[in-house]
Amino acid sequence: MTTIAELAIPTESFALEPTIQSLPESELRVESVVVDDSVRTAPLIWFGNTDAGAVEETLEDDPTVEQFRRLLERPDGDAWLFRIRYAEAATPICSAVYANDGTVLEAEVTNGRWAVTLLFPHREGVSDAVSDLEDRDARVDVRRMVEAHQNKDLEMATTLTDPQREAIAEAYRRGYYNVPREISLEELASELEISHQALSERLRRANRVLASEQLESSASGLGGG
């Protein structure tokens, strides 16, 4: 089932982080992304609210950038379009999406975080991509997922990802939420064969999703009374 996912990723987990840090007032928006056979990405990115020369100078010093070229200027002179080819060190974050048959629909920097909208032919692709990113110590926040049902409009599905569901289910079964706890975070992470940091992140996000759904359900019930 085709799924659209909205993710938030801190800039330090993604390419161009040195450029973003050097140009904190700039606005970045990805126009499109080209991927070659080796899963190397060459996005077209608009840089706004900054000077073109400053962008070029910063990109020149950015270790996550292999090549770049300024293509055009927006008619109002307020933004410049660059084609950027990421360096080898930057491709793992990007490749997690494409390795799982995902497509980047939108991507921009907002409040120091990449806000990314992705499309996957199957819901499992979202879970696999998030797992791949977390395995590389990227802190990924799944904001929402929208599933396209046959002959229906897109519907929002505020569900846990498969890794989050597995983590919270195993934590419950093994007594992690009991008082006192019957298993430590490190022991549980070892059994799931992931780092304790990745497990902590998954449980935190899963708990937030479940709490949000519970609060929304309670609010709806009060409103209906």
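Observations on the structure shown:
- Taking amide H atoms as placed 1.01 Å from N in the peptide plane, the amide H of ALA107 lies under 5 Å from those of VAL30, THR117, each 5 or more residues away in sequence or on another chain.
- Computed E for ARG181/GLU12 - FRET, C-beta separation, R0 41 angstrom, nearest 0.05: 0.85
- Seen from LEU44, the other residues with C-beta closer than 12 Å to its C-beta sum to a net charge of +4, counting Lys and Arg as +1 and Asp and Glu as -1.
- For region 3-149, Kirkwood radius (reciprocal of mean inverse C-alpha pair distance, Å): 15.5
- At a probe radius of 1.4 angstrom, the accessible area of region 3-149 per residue rounds to 48 square angstrom.
The values are calculated or read from the model by the stated rules, or taken from the named source; none is laboratory data. Just so we're clear, the structure is a prediction, and the values are computed from it rather than from any experiment. Cβ coordinates were reconstructed from backbone atoms using ideal geometry, including for glycine residues, and neighbour counts include every protein chain displayed. Surface areas here come from the heavy atoms of the whole protein model, side chains and all, with no ligands, DNA or RNA. Shrake-Rupley method; radii C 1.70, N 1.55, O 1.52, S 1.80 Å.
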